[in-house]
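First the structure, in the form of structure tokens, and then the observations on it.
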Amino acid sequence: MAKEEKKQRDPDITFFHPDLLEVPEDCSSPFLKGYRCKSCGQLDFPNLNPCPNCWGEEFEIVPLSRRGKLYSYADIFIGQPGLQTPYIIGYVDLPENLRIFAMLDGEVGSFQCGEEVELTVGEIRKNRDGLPILSYKFKKVNG
Ligand SMILES: [Zn+2]
């Protein structure tokens with residue numbers, strides 16, 4: 001009997017990253033969750049526990065800016081297993097002096113370093129049952 005057949009199948013659910021992304025139920029705009037250390041004030045994304053600056057273990061959640069500047073990006077034609085190519089990844093610099101790694105929502109070849117992008121929510125991949133897994137992405141501000 002093949003090994004795969006014996007392996008127990010976990011229930012597969014479609015999910016956000018609730019520790020990273022807040023999608024308010026009142027339909028206001030989603031935001032990324034910054035974590036500010038209650039001892040020294042350092043702001044990080046994602047949460048680093050303990051705080052790399054002071055080893056503090058208490059944090060307050062701070063909504064991060066929804067817009068930032070595209071620092072760098074790459075169009076991916078040979079991707080990770082399970083990801084449909086092409087897709088785009090990039091680093092976005094937020095005004096809070098945080099650099100966020102994210103997938104970009106848009107056309108391959110259409111992004112430029114330094115341009116303004118904004119937070120959006122979209123499909124980052126499909127799960128085993130072919131359902132979309134949603135999480136944060138960034139898209140062009142104009143388009
Ligand atoms: Zn700290």
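The values are calculated or read from the model by the stated rules, or taken from the named source; none is laboratory data. From a predicted model like this one, the values you see are computed outputs, not experimental measurements. FYI the Cβ positions are ideal-geometry reconstructions off the backbone, even for glycines, and counts take in every protein chain you see. Accessible surface areas use protein heavy atoms only, side chains included; no ligands, DNA or RNA. Shrake-Rupley method; radii C 1.70, N 1.55, O 1.52, S 1.80 Å.
A few notes on this one:
- Count of the range 111-126 residues which are open to solvent by less than 40 Å² (accessible area, probe 1.4 Å) and under 21 Å from Phe77 (Cα atoms): 3
- Among (1) assigned to a strand (DSSP E or B); (2) more than 16 Å from the ligand (Cβ to nearest atom); (3) open to solvent by 40 Å² or more (accessible area, probe 1.4 Å) - the single one Asp129 does not satisfy: (1)
- For beta carbons closer than 8 Å, sequence separation of 6+ or different chains, a first residue in the range 40-60 that is closer than 20 Å to Tyr136 by Cα and assigned to a loop (DSSP other than H, G, I, E, B) and a second that is open to solvent by less than 60 Å² (accessible area, probe 1.4 Å) and among the small types (Gly, Ala, Ser), the qualifying pairs are Phe45/Gly34.
- Selected residue [under 14 Å from the mean Cα position of the chain (by Cα), open to solvent by less than 100 Å² (accessible area, probe 1.4 Å) and of a type outside the set (Lys, Arg)] from Leu94, Leu83: Leu94
- Scanning the range 64-80 for residues that are part of a loop (DSSP other than H, G, I, E, B) and either modelled with pLDDT of 95 or more or open to solvent by 50 Å² or more (accessible area, probe 1.4 Å) (or both) returns Leu64, Ser65, Arg66, Phe77, Ile78, Gln80.
- Extreme residue, nearest to the ligand (Cβ to nearest atom), among residues of the range 51-86 that are of a type in the set (Phe, Trp, Tyr) and out of contact with any Gly (no Cβ under 6 Å at 6 or more places or on another chain): Trp55
- Restricting the range 24-45 to residues that are closer than 25 Å to Gly122 by Cα and surrounded by fewer than 15 Cβ atoms within 10 Å (Cβ to Cβ), the residue that is modelled with the lowest pLDDT: Cys27
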